[in-house]
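Worksheet for the structure shown next.
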């Protein structure tokens, strides 16, 4: 089988991502877009005191920096905000497509991943940083799988993982930090102490680069983070989330979780598409994030978007691998990709 050039695949995916994401966000409104436009304008005007408040513990600096750059070029605030989200997502989704192609080059998993991440129905219920963090943390998980499955650890994937996780921290630190135990659990058997130290330093440097507030106003920025965490955990009254919300936003990911759990518990009857240890760690991550979100004082379905994206991507791998191992007709793989993508698109349109 002749495989594609990774560079060509990445840049073609960036182009398609810009087109599809641009179309999606032309017809889909971001929640609280006005608040993020205020942040872009404040950063553009060097009004850094605007961010000295606990509500801006997750200011989503990659979005704000790109939005400010667009604003300096004379683009309107609204278009600067949407353009930043589209550009970041196009790069992130292209990275996820390239990694899934590297992981399973004989499968159409890369195509299914692109379809899901580009038109996911969760975008209809997203603020700007929700829309960006879900693909970013999906890329983090995929890069972690690539390192876990590799025979040896090379510097390139470690560097890309550092960039992706550093960008995640700069975008949504309170959620991204919950991924840290997963990274440690999966990678501790693959990398030595020196490699882990390099990974940690590179992540911190990437976070510092992607979040200018860390070097513009570090004391105030960290104070805002801790204040936000305290208010979320202590001062607000808990709110229960109805189960119907999960069935509306995450019907496919719930199926993916059940199939992965079946593969772990019944390895002789179900297909294990990734190493068992990785799926166990991913289940642990899902449990940890769910407990933290549901026990917080102000839970929201949007906080689950990253997990939803991840499990939707692995559901497609499970289904495509099942078709391949059962020697099903090739058109079945295309049918699966088409149906899952159209299902997400339909849910996105319905809102």
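The values are calculated or read from the model by the stated rules, or taken from the named source; none is laboratory data. Being a predicted model, the structure only gives us computed values, none of them experimental. Quick reminder, even Gly has a Cβ in these numbers, built from the backbone with ideal geometry, and neighbours come from all protein chains shown.
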> Taking the condition farther than 21 Å from residue 278 by Cα and touching a residue at least 12 places away in the same chain (Cβ under 8 Å), does residue 150 pass?
Replying inline: no
> On the given criteria, is residue 29 surrounded by fewer than 19 Cβ atoms within 10 Å (Cβ to Cβ), over 26 Å from residue 222 (Cβ atoms) and out of contact with any strand residue (DSSP E or B) (no Cβ under 7 Å at 6 or more places or on another chain)?
Replying inline: yes
> Just a yes or no: is a residue in the range 325-332 under 22 Å from the mean Cα position of the chain (by Cα), part of a helix (DSSP H, G or I) and either closer than 30 Å to residue 187 by Cβ or modelled with pLDDT of 85 or more (or both)?
Replying inline: no
> What do you reckon, is residue 112 in contact with a helix residue (DSSP H, G or I) (Cβ under 8 Å, 6 or more places away or on another chain), under 20 Å from residue 301 (Cβ atoms), at pLDDT below 95 and assigned to a helix (DSSP H, G or I)?
Replying inline: no
> Could you list, in sequence order, the residues of the range 44-73 that are within 14 Å of residue 211 (Cα to Cα) and modelled with pLDDT of 90 or more?
Replying inline: 62, 63, 64, 65, 66, 67, 68
> Of the residues that make up the range 117-137, is at least one at pLDDT below 90, over 26 Å from residue 300 (Cα atoms) and in a helix (DSSP H, G or I)?
Replying inline: no
> How about the range 181-195: which of its residues are part of a helix (DSSP H, G or I) and either surrounded by fewer than 14 Cβ atoms within 10 Å (Cβ to Cβ) or in contact (Cβ under 8 Å) with a residue 60 or more places away in the chain (or both)?
Replying inline: 181, 182, 184, 185, 186, 193, 194
